[in-house]
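Worksheet for the structure shown next.
Derivation of every value follows stated rules applied to the coordinates shown; laboratory data play no part. Bear in mind that the values here come from a model prediction, so they are computed numbers and not experimental data. Here Cβ is always computed from backbone atoms with ideal geometry, including for glycine, and neighbour counts include all displayed protein chains.
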Amino acid sequence: MREQLEAIRNRAMAQLGDDASAEQIENVRVAVLGRGGELTAIMRGMREVPAEERPAIGQLVNEIKRELESRIEALQERQQRARMERALAEQRLDVTLPGTRIGRGRSHPLTQVAEEMIGLFEAMGFEAVATQDIDDDFHNFSALNFPPDHPAREMQDTFFLPGGLLLRTHTSNGQIHVMQRRQPPLAVICPGNCYRRDELSVRASPMFSQIEGFMVDRTGIVTMAHLKGVLSEFLRGLFGAATRVRFRASFFPFTEPSAEVDISCVLCGGGGCRVCKHSGWVEILGSGMIHPNVLRAVGYDPAEYQGFAFGVGIERTALLKLGVDDMRLFFENDLRFLEQF
Ligand code: DAH
């Protein structure tokens, strides 16, 4: 019995060499110490061992069991440590390595120009108010004194929506919404997107943006002189103090009198070039004194109130200010273009 036990011990210890794999270790454990293992079987068969030998054999079995258990434990511990060290070595972080540079974002050039334009009006006391892109005929046309048969209302200009709605063709609808909701004195700008059935081209886009502005107070307080002052200040702020500003009589249904505003050419300074078609001037915005019919449409008495209004295209302004010669560049979002601003 004793020799049998020693043989089990020696074989097991030989199998539990330093290079034994985890699988080999487990096999030895099951074969010797497991429930159906050799040592367990001997313990079960103790009844057949003569009584006087039993204590010594029992002791030897326990000794072998402890010896094998602690050997297995030591091997497993060592393997665990080796695994950990390997993992640490493989995943080592070098905190001194330079990081990956993250490209810095910036505003789109149209946003930059719009923000500068809005900032110039805010500096003069105007408040920016958002108004809706989807609107009805009343706010986009009728209240702005467009006659029922005005060509701008037609299919080739306006995107009509179901239910009598449309996409606003200009931000002038903002005048109507704000004046309906508030009472003068008012100094408000309404920046936003507008939509017309145009093909995207060098000079036009089916979606574009404008800033509408208006100032209304009791009769005699806000005059055409203020219109000229505010717009001159705005245009010199945007294009430089040396910019000359010219007011030219024009026509809009919603203003009377109306004026289109030109600035001395940003490219040639007035000498004449391709951009200004050799006139020295470029048109930049539309304006005028708000028509009495518009004031009536929002419930203001035209005998009591008067004011001026203007509308300026953001894309058109950005083309001139940034020296870009193709509207499509603003919408293509080619990074090689955008990164120049
Ligand atoms: N609504 C005009 C347009 O879309 C721009 C405009 C011109 C607005 C004159 C005004 C104005 O308020 O007085 O072209």
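List of remarks:
- Proximal lysines relative to Lys277, as straight alpha-carbon distance under 21 Å, when same-chain residues fewer than 8 apart are discounted: Lys321
- Fraction of the pair-distance distribution of the stretch 2-90 above 16 Å, Cα-Cα pairs, percent: 56 percent
- Given 16 as the ceiling on other Cβ atoms within 10 Å, longest exposed-site-free region of the chain for GluC sites (Glu not before Pro) in DSSP loops: 200-303
- Between the stretch 272-341 and the stretch 28-45, the alpha-carbon center distance in angstrom: 94 Å
- Derived scalar couplings ³J(HN,Hα) [the stretch 18-26; Karplus, 6.51 cos²θ - 1.76 cosθ + 1.60; whole Hz; x for Gly, Pro]: 4, 9, 4, 7, 4, 5, 4, 4, 5
- When the chain is treated as a Gaussian network with alpha carbon springs shorter than 10 Å, the biggest mean-square fluctuation among Asp19, Asp326, Asp94 belongs to Asp19.
- Computed helical MRE - 222 nm, the chain, DSSP H runs ≥ 4 contributing -39500 (n - 2.57), nearest 500: -12000 deg cm²/dmol
- Simple rule: put +1 on each Lys or Arg Cβ and -1 on each Asp or Glu Cβ in the stretch 2-90, find the dipole, and look at Ala20, Ile42, Ala74; the Cα lying farthest toward the positive end is Ile42.
- Pairs of Cα atoms in the stretch 109-338 fall into 10 Å distance bins, from 0 up to the last occupied one, in shares of 8, 32, 37, 20, 3, 0 percent.
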